[in-house]
1. Pop the C-beta distance of Q42 and R97 into the FRET formula with R0 = 25 Å and round what comes out to the nearest 0.05.
2. Probe radius 1.4 Å, ligands and nucleic acids ignored: give me the carbon and sulfur share of the accessible area of the chain as a rounded percent.
3. Cα-based Rg of segment 1-155 per 2.2 N^0.38 Å, rounded to two decimals?
4. For the chain, take the longest principal axis of its alpha carbons; what is the angle in degrees between that and the long axis of helix 83-94, to the nearest 10 within 0 to 90?
5. Using helices alone, I'd like the mean residue ellipticity at 222 nm for the chain: each DSSP H run of four-plus residues gives -39500 (n - 2.57), total over residue count, nearest 500.
6. Taking R0 as 41 Å, what FRET efficiency do you get between E85 and S167 from their Cβ-Cβ distance, rounded to the nearest 0.05?
7. Going by average Cβ density within 10 Å per residue, which order do the peptides 110-116, 136-142, 202-208 take, highest to lowest?
8. On average, how much accessible surface per residue is there in the chain, in Å², for a 1.4 Å probe, leaving out ligands, DNA and RNA?
Amino acid sequence: MMRKIASKWTKFEVLLKHSGVAKHIPAMRRFSEANLQAMLNQFSFVVAKPIIGTGGHRVVKIQKQKNGYLLHESGTRRTLGSWRELLGHMNRIRQGRPFMLQQGIHLTTISGRPVDYRVKLERVGKSWVIRAVVGRLARPGLFVTNLHQGGTLLGGRQALRRTFPASLVKSKIDTMVGVARTSTMLLEARYPGIGLLGYDFGIDRQGNVWIFEVNTNPQ
């Protein structure tokens, strides 16, 4: 039976101890009123997500505006006029569950739709094998790319060729695979018995590679 680690937070805690991997992890904090306020002041937008959850459910994009706050969730956009309204709405979404906050990253897009990447590794015998490097294109109107939310699966190289010059495709894949392999060593040392890992990567408009999530039960 392969070991599964549900908490996004505990996996990131392991990865943040490695300086080479940590530079690819967006700023993150546990959800609280003070932390949300601080991150909205620091970044152009913030993503709130359940610490335990899959499929892009209850993932919310929050942006500060002149007239209040813009929330984007499950294809719905709404403007909330005050801080109290924002907190009240987030509490309804959270329903008492622990959430985390992540620095928003402006992803590369294809036809205006965000695209990110999944790198999947499987333990075979004594070594880890790369099973897939794929792109995931968000459904029109959504910012999450999950296939459960209507995202489109693309070949990794195909997606990269549609967002970067051909000369950069190999280096982007090499970076994602390299970070995934290092992360796998770290996670396996901390959690012996894991056998399948899916890494969700995003690449911003400047070409920087970011790691958004690690799944021990990737679909």
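The values are calculated or read from the model by the stated rules, or taken from the named source; none is laboratory data. The model shown is predicted, which means the values in this text are computed figures rather than measured ones. Here Cβ is always computed from backbone atoms with ideal geometry, including for glycine, and neighbour counts include all displayed protein chains. Surface areas here come from the heavy atoms of the whole protein model, side chains and all, with no ligands, DNA or RNA. Shrake-Rupley method; radii C 1.70, N 1.55, O 1.52, S 1.80 Å.
1. Details: r = 24 Å, r/R0 = 0.97.
After rounding to 0.05, the efficiency reads 0.55.
2. Heavy-atom surface of the chain belonging to carbon and sulfur, 1.4 Å probe: 50 percent.
3. Values: Rg = 16.8 Å, N = 155, 2.2 N^0.38 = 15.0 Å.
Cα Rg divided by the expected 2.2 N^0.38 Å: 1.12.
4. Once rounded, one gets 40 degrees.
5. On the way: 6 runs with 65 residues, N = 219.
Taken over the chain, the calculation gives -9000 deg cm²/dmol.
6. Working: r = 48 Å, r/R0 = 1.16.
After rounding to 0.05, the efficiency reads 0.30.
7. Details: 110-116: 16.4, 136-142: 18.0, 202-208: 14.6.
For the peptides 110-116, 136-142, 202-208, the packing ranking is 136-142, 110-116, 202-208.
8. Working: 10630 Å² over 219 residues.
Heavy-atom SASA per residue in the chain reads 49 Å².
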